[in-house]
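Chemist: I have a structure here, written as structure tokens, and I will follow up with some questions on it.
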Amino acid sequence: MSVSSPLGKAPINTLFFKYYIPALTGILSSTLHQLINGVILGQQVGKEGLAAVGLYGPVTIVFIALTLPIMTGGGILIGKNSGATRYDKVQQIFEFGTTLALVAGGCVAILTPFLTTTIATFLTGAENTVLLNNTSHYIFWQLLAMPFFFLRMIWSNFISNDNAPQISRNASLLAVSLNIVLDLFFIVVLHMGVEGASIATAISMVAAVAYQFTYIWKQKGHFRFHGFRFTLQLTEWRKLLHLGTPSFASEISFSSGLLLISHYIVPYGPLAVSAFGLVNYISFLFIRLFTAAMIASLPILSFNIGARLPHRVLETFRFSLLFTIILGIAIVALGWIVPDFLIDIFSSNSTIPFKKIASQAIALYFLLFFAAGPNYILSAYLQSIGKSIISTLINVLKGFVFIALFILLLPEHFGMGLEGIWLSRSLAEILTLLLVGLYTLWNKEAYYTEKSIVMQG
């Protein structure tokens, strides 16, 4: 057992925030690129420019989902092996993850010319040609930069799990700062619109990866490029995928659910589609507060499982759960009290009919934040202690199954129309938390005891 690391002895609340701030900066960095793009585009181009960035959100989630089995599963294994001082295995996981990121990202980049128009048309429909063209321009450069997107996501999580979360934070701050400067140059000075925003984001991603590369090159952690070998082989690949599958299921289900909502909103007209682009854009920013909490808890959970300190695992779970509950209540209140303020921040030319639809959407859609955070933490905890099946079930139910169910029932069978679509995701999150929470509490011995945790060490 190794407890020399702060992960094995520091107060849980201190550790949580030590990891939460860099995790939030890291996970928001890709979203902050969209935030920066959205604010500037909303002012310079209008709601069609902002909607293009917002509608790309589900596509971003798909690509995040592709990294998550490696990012999360690999991160958990890095934490457990570090806790057990098996650093040779830590390097093997790093080599495997890096190789896979480059291979997968390279394939997406090569297919960019063939994917761009197809994805944009699915997201926007063919009627609004301005929105279609803006979305196509934004998608093109994002897909082309996908190798750097994948590397950045995977390296950020690996480096954080190697007890250097500040490096991930610094890389993100560099990328965001550069993105602001390039946005102003490409959009305001050169008047390149949505295409300029996408190019700015792509360049800033390259800069972040270069910073991370420099840190690893200096061998300040347990990763090294000296003797590095590209490989798609890993002795623990089954365990890695087993641990990472729930995270993959979370993001792919989440994205599929959003794409389903987007598809069913199209018949309600261009205003509803643009409103969904805006609301999804804003909620996408807020949801990352909870994703960061999950990412912050995982190194603490996995290290203490490896170090066979189950009481610290349970303490981490309880603290993270309470944090996300309080945060969720605050965000729901914000959506109910000042929806117009949120709309005005991101869209300067909003019409009264657009504001009416978007305000209603925010009030109903934001109810999901009552349950979103606890669902993330519960899933991460179950994932860490090896209960991957029920962790995956949480993500599939809340991300797609219940959304599809409510979309089929509420708008037509219950006569709720567009309101039923706005509510579908909120009700899916809440129902999932109630069902899985009650089930695991009923079987407490299998999920919330020190014995069940030690078995996974």
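Chemist: Tally Lys/Arg at +1 and Asp/Glu at -1 over every other residue whose Cβ is under 14 Å from the Cβ of Ala293; what's the total?
Modeler: Within the 14 Å Cβ shell, the charges total +3.
Chemist: For an R0 of 35 angstrom, estimate the FRET efficiency from the Cβ-Cβ distance between Lys356 and Val130 and round to the nearest 0.05. Could the numbers behind the result be given before it?
Modeler: Values: r = 22 Å, r/R0 = 0.62.
Once rounded, the FRET efficiency stands at 0.95.
Chemist: Something else about it: If packing is taken as the average count of other Cβ atoms within 10 Å, what order do 171-184, 66-79, 387-400 fall into, highest mean first?
Modeler: 66-79, 387-400, 171-184
Chemist: Per residue, how much accessible area does the stretch 225-336 show when a 1.4 Å probe rolls over the protein heavy atoms, in square angstrom?
Modeler: That works out to 37 Å² per residue.
Chemist: Let me ask you something else. Determine the share of the stretch 340-390's accessible area contributed by carbon and sulfur atoms, expressed in whole percent, with a 1.4 angstrom probe.
Modeler: Heavy-atom surface of the stretch 340-390 belonging to carbon and sulfur, 1.4 Å probe: 71 percent.
Chemist: Next question. Among Gly57, Leu298, Phe150, whose Cα lies farthest out toward the positive end of the dipole of the chain, if unit charges sit on the beta carbon of Lys, Arg (+1) and Asp, Glu (-1)?
Modeler: Going by the Cα projections, it comes out as Leu298.
Chemist: Here's another thing I want to ask about it. Can you work out the FRET efficiency for the pair Tyr87 and Thr214, with r the C-beta to C-beta distance and R0 = 30 Å, to the nearest 0.05?
Modeler: With R0 = 30 Å, the Cβ-Cβ based efficiency is 0.90.
Chemist: Once every DSSP H run of n ≥ 4 in the chain is given -39500 (n - 2.57) and the sum is divided by its residues, what mean residue ellipticity at 222 nm do you get, rounded to the nearest 500 deg cm²/dmol?
Modeler: Calculated at 222 nm, the ellipticity per residue is -27000 deg cm²/dmol.
Chemist: Assuming R0 = 45 Å, can you tell me the calculated FRET efficiency for the pair Phe414 and Ala446, based on Cβ-Cβ distance, to the nearest 0.05?
Modeler: On the way: r = 37 Å, r/R0 = 0.82.
Using R0 = 45 Å, I get an efficiency of 0.75.
Chemist: Beta carbons within 10 angstrom, averaged per residue: use that to sort the peptides 353-363, 222-232, 157-167, highest first. Show your work: numbers first, answer last.
Modeler: Working: 353-363: 19.1, 222-232: 12.8, 157-167: 23.6.
My ranking of the peptides, most packed first, is 157-167, 353-363, 222-232.
Chemist: Where the Cα atoms of the stretch 64-144 are projected onto their three principal axes, how long is each span, largest first, in whole Å?
Modeler: 58, 20, 13
Chemist: Listed here are the pairs Lys398/Lys444; Lys218/Lys387; Lys18/Lys451; Lys9/Lys80; Lys9/Lys220; Lys80/Lys218; which of them are more than 26 Å apart at the Cα?
Modeler: Exceeds cut-off: Lys218/Lys387; Lys18/Lys451.
Chemist: For the chain, build the charge dipole from Cβ charges (+1 Lys, Arg; -1 Asp, Glu) around the Cα centre, then report which of Thr14, Thr121, Leu423 sits farthest towards its positive end.
Modeler: Thr14
Chemist: Follow-up. If the cut-off is a Cα-Cα distance under 23 Å, which lysines reach Lys355, setting aside same-chain residues fewer than 8 apart in sequence?
Modeler: Lys47
Chemist: Spin-label point model (7 Å from Cα, Cβ direction): what's the His263 to His191 distance in nm?
Modeler: Those two pseudo-labels are separated by 4.0 nm.
Chemist: Additional query: Scan the chain and note any complete DSSP helix (H) whose C-alpha atoms cover at least 20 Å along its axis and whose Kyte-Doolittle average is 0.5 or more.
Modeler: The qualifying helices are 12-44, 57-83, 87-110, 129-144, 146-161, 165-183, 193-217, 237-265, 270-306, 310-337, 369-384, 418-442.
Chemist: Using Stokes-Einstein with the Kirkwood hydrodynamic radius over Cα pairs, what translational diffusion coefficient do you get for the chain at 25 °C and a viscosity of 0.890 mPa s, in µm²/s rounded to a whole number?
Modeler: Estimated diffusion coefficient is 111 µm²/s.
Chemist: Where in the chain lies the longest segment free of GluC sites (Glu not before Pro) that are both loop residues by DSSP (not H, G, I, E, B) and have at most 14 other Cβ atoms within 10 Å?
Modeler: Excluding the exposed sites themselves, the longest stretch runs over 128-411.
The values are calculated or read from the model by the stated rules, or taken from the named source; none is laboratory data. None of the values given here were measured: they were computed from a predicted structure. Using ideal geometry, Cβ is built from the backbone for each residue, glycine included, and neighbour counts are taken over all protein chains shown. With ligands, DNA and RNA removed, areas are computed over all heavy atoms of the protein, side chains included. Shrake-Rupley method; radii C 1.70, N 1.55, O 1.52, S 1.80 Å.
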